[in-house]
Amino acid sequence: MCQAHADMALNKKIWAIGGGKGGVGKSLVAANQAISLAKRGYKVVAIDLDLGGANLHTCLGTPIPKMTLSDYFNGTTQNINELVIPTSVGNLSLISGAQDEMGMANLKKLHKNRLLQGLKNLNADVIILDLGAGTAFNTLDFFISSQLGVLVALPEPTSIENTYRFIRSIFFRRLQLFEESFELKSIIDRAQSAKLNQKLNSPKELLNEIKEIDYRKGMYIENEFSRLQLHLILNQVRSQKDIELGHAMEKISRRYFGLNINYLGHLDYDASVWQSVRQRKALLVEYPNAIIAPKIQTMTAKLLNEIH
Ligand SMILES: Nc1ncnc2c1ncn2[C@@H]1O[C@H](COP(=O)(O)OP(=O)(O)OP(=O)(O)O)[C@@H](O)[C@H]1O
Ligand SMILES: [Mg+2]
């Protein structure tokens with residue numbers, strides 16, 4: 001039995017690749033993790049959710065397909081499977097992003113829910129979502145709805161700030177969804193006002209405050225947060241100091257947000273990345289000997305171990 005089928009207990013897992021900042025390598029990671037999974041025998045569908053800036057097809061070396069998410073949102077097709085197109089890599093298919101100016105922030109709730117529902121009907125072992133930049137609620141919701149979330153950041157101050165902003169946004173969006181579904185609003189309001197004078201410093205303190213007011217609900221929320229799987233990749237790394245930043249970010253996230261972030265590792269700045277983009281070819285296909293190729297494969301393996 002091949003490894004993929006032995007792991008069928010995986011069921012249909014959704015992996016989201018995100019991060020606050022644009023141009024940090026989300027699509028590079030999404031495309032090549034998808035290829036890496038497909039090469040291991042998993043049936044993979046990669047979905048370009050960078051609405052308005054869709055370019056995952058380029059990272060996968062595939063021309064823009066005829067049918068894209070635009071057709072799904074505007075009702076040309078009701079069947080998400082009609083959007084799935086094969087790529088040159090066996091086991092790997094693509095759903096291309098909207099080719100209009102729609103943008104994630106403008107995606108209607110109805111369409112978002114239809115897509116989330118549609119993902120369940122996709123014939124795939126793993127679905128990879130390539131999210132666009134920014135912290136639009138819709139982007140956060142796709143990230144939160146996934147079983148596994150990967151953040152891509154660069155080892156530079158603006159990108160790190162954006163990453164923390166993204167993590168913070170995930171925390172508060174998740175809290176907001178709890179509020180809506182468990183009528184926790186009054187507790188959260190009370191927790192926030194209880195410390196009004198001292199100002200709650202961190203999301204973690206807010207959680208502690210909620211626990212003081214209602215221990216059971218506070219614990220429930222804390223447990224839910226601890227189940228959020230967040231992983232961090234530092235990309236375009238050029239020095240040992242850059243590499244170590246990831247460990248510091250892990251610690252800060254735990255202390256400040258109460259969120260466990262797992263530093264998956266780093267990818268070096270590598271000329272073959274932009275060369276592959278220019279040639280409109282997938283890195284792992286065109287440059288399998290690139291320095292970052294085995295690193296991407298190791299990261300994929302780590303993520304698989306983690307969800308077994
Ligand atoms: N490790 C790397 N080494 C060298 N160049 C890189 C590396 N990673 C990314 N790049 C360059 O950065 C560009 C942007 O990468 P990518 O499109 O994956 O980012 P993104 O986060 O998806 O951007 P967007 O937010 O616009 O969707 C690539 O086209 C490539 O030229
Ligand atoms: Mg991208």
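Every number in this text was worked out from the coordinates using simple rules, so none of it is lab data. Nothing here was measured: the structure is a model prediction, and the numbers come from that model. Because the Cβ atoms are built from the backbone with ideal geometry, glycine has one as well, and the counts that use them run over all protein chains shown.
Of all DSSP beta bridges in the chain, what percent run antiparallel (nearest 5)?
Expressed as a percentage, antiparallel bridges in the chain total about 5.
On a straight-distance basis, which lysines could pair with Lys109 in a cross-link, Cα separation under 28 angstrom, same-chain partners fewer than 8 positions away excluded?
Lys12, Lys13, Lys21, Lys26, Lys66, Lys120, Lys185, Lys217
For each of Trp274, Trp15, count neighbouring Cβ atoms within 10 Å of the residue's Cβ, then give the residues from fewest to most.
Trp274, Trp15
Given Cα pairs under 8 Å that are at least 6 residues apart, what percent is the relative contact order of segment 100-224?
RCO, segment 100-224: 16 percent.
Please give every one of the aspartates and glutamates within straight-line cross-link reach of Lys295, meaning a C-alpha to C-alpha distance under 18 Å, and leave out same-chain neighbours fewer than 8 residues apart.
Filter leaves Asp242, Glu244, Asp268, Asp270, Glu286, Glu306.
Which of Ile252, Val285, Leu264 sits closest to the plus end of the dipole of segment 221-288, meaning its Cα is farthest towards the positive end, when Lys and Arg get +1 and Asp and Glu get -1 on the C-beta?
Farthest towards the positive end: Val285.
How about segment 134-187: which GluC sites (Glu not before Pro) there are in a DSSP loop, with at most 13 other Cβ atoms within 10 Å of their Cβ?
Filter output for segment 134-187: Glu183.
What stretch of the chain, leaving out the sites themselves, is the longest with no trypsin sites (Lys or Arg not before Pro) in a DSSP loop having at most 15 other Cβ atoms within 10 Å?
121-194
Most exposed first by the Cβ proxy, i.e. fewest other Cβ within 10 Å, how do Phe225, Phe143 rank?
With the fewest neighbours first, Phe225, Phe143 line up as Phe225, Phe143.
Grab the eigenvalues of the alpha-carbon gyration tensor for segment 219-269, scale each by 5, take roots, and send me the semi-axes largest first in whole angstrom.
Computed over segment 219-269, the values are 26, 11, 5 Å.
So what does the Cα-only Debye profile of segment 111-234 read at q = 0.09, 0.16, 0.17, 0.18 Å⁻¹, as log10 I(q)/I(0), no solvent term?
Each listed q maps to, in turn, -0.31, -0.91, -0.99, -1.07.
Quick one: if you take sqrt(5λ) for each eigenvalue of the C-alpha gyration tensor of the chain, what semi-axes come out, biggest first, whole angstrom?
Ellipsoid semi-axes (Å, largest first): 32, 23, 18.
Rounded to the nearest 500, what is the 222 nm mean residue ellipticity of the chain from helices alone, with -39500 (n - 2.57) per DSSP H run of 4+ residues and division by all residues?
-14000 deg cm²/dmol
By counting other Cβ atoms within 10 Å of each Cβ, how are Tyr220, Tyr263 ranked from fewest to most?
Fewest-to-most ranking of Tyr220, Tyr263: Tyr220, Tyr263.
As I understand it, the value is the acute angle between the Cα axis of helix 26-39 and the longest principal axis of the Cα atoms of the chain; what does it come to in degrees, rounded to 10?
Helix 26-39 sits roughly 60 degrees off the main axis of the chain.
Calculate the dipole size of the chain relative to its Cα centre from +1 charges on Lys and Arg beta carbons and -1 charges on Asp and Glu beta carbons; express the result in debye to the nearest 20.
With Lys and Arg at +1 and Asp and Glu at -1, about 240 debye.
Using a ≥ b ≥ c from the Cα gyration tensor of segment 52-149 (square roots of the eigenvalues), is it rounded, prolate or oblate, where a/c under 1.5 gives rounded and otherwise the larger of a/b and b/c decides, a/b for prolate?
Rounded, since a/c falls under 1.5.
Among Leu83, Leu151, Thr139, whose Cα sits farthest toward the positive end of the charge dipole of segment 46-178 (+1 at Cβ of Lys/Arg, -1 at Cβ of Asp/Glu, about the Cα centre)?
Thr139
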